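Just below is one structure, and these are the notes that go with it.
The values are calculated or read from the model by the stated rules, or taken from the named source; none is laboratory data. Computed from a predicted model, the values in this text were never measured in an experiment. Neighbour counts are summed over all protein chains in view; Cβ atoms, including those assigned to glycine, are modelled from backbone coordinates with ideal geometry. Side chains included, ligands, DNA and RNA excluded: accessible areas come from the protein's heavy atoms. Shrake-Rupley method; radii C 1.70, N 1.55, O 1.52, S 1.80 Å.
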Amino acid sequence: QVQLVESGGGLVQPGGSLRLSCAASGSIFKIYSMGWYRQAPGKQRELVASIGSSGTANYGDSVKGRFTISGDNAKNTAYLQMNSLKREDTAVYYCHADFGVISYWGQGAQVTVSS
């Protein structure tokens, strides 16, 4: 069994910054990738960013140049630095970890961008 524990998130003004963390614990053999998806009310869940075990990162088009994902393999933890936040970034952000034959989701972290 694997647990993904998210931290960070909250309320921030437009133009501000937030940092999300996601730590995996439990019976971990190999993590192929970790990342975040987000879901706003009435919208489908979409990829925000992901990072592979080799460090290769992928970003959704709407966050390129503003968000940066990083990982610490020794700690089985991923980080998402979100800068220049916009109102449209408001959503629940879900951590996702891919272990090859199975994947897990975190509990979600609310990010609200509002003045």
message = Among the residues of region 64-115, what is the count of those that are over 13 Å from Gly15 (Cα atoms) and touching a helix residue (DSSP H, G or I) at 6+ places or on another chain (Cβ under 9 Å)?
response = 1
key: Qualifying positions in region 44-59 - under 19 Å from Gly108 (Cα atoms) and open to solvent by less than 50 Å² (accessible area, probe 1.4 Å)   = Val48, Ala49, Ser50, Ile51
remark   = Flagged in region 10-66 as under 19 Å from Ala97 (Cβ atoms) and polar (S, T, N, Q), in numbering order, are Ser21, Ser25, Ser27, Ser33, Gln39, Ser50, Ser53, Ser54, Thr56, Asn58
inquiry  = For a quick check of your reading of the model, give me the residue pairs whose first member lies in region 9-30 and is farther than 30 Å from Glu88 by Cα and in contact (Cβ under 8 Å) with a residue 60 or more places away in the chain, whose second is outside any loop (DSSP other than H, G, I, E, B) and small (Gly, Ala, Ser), with beta-carbon atoms closer than 9 Å and at least 6 apart or on different chains.
reply    = Ile28/Ala97
request  = Could you please find all residues in region 3-42 being open to solvent by less than 50 Å² (accessible area, probe 1.4 Å), among the hydrophobic types (A, V, I, L, M, F, W, C) and part of a strand (DSSP E or B)?
outcome  = Leu4, Val12, Leu18, Leu20, Cys22, Ala23, Ala24, Met34, Trp36
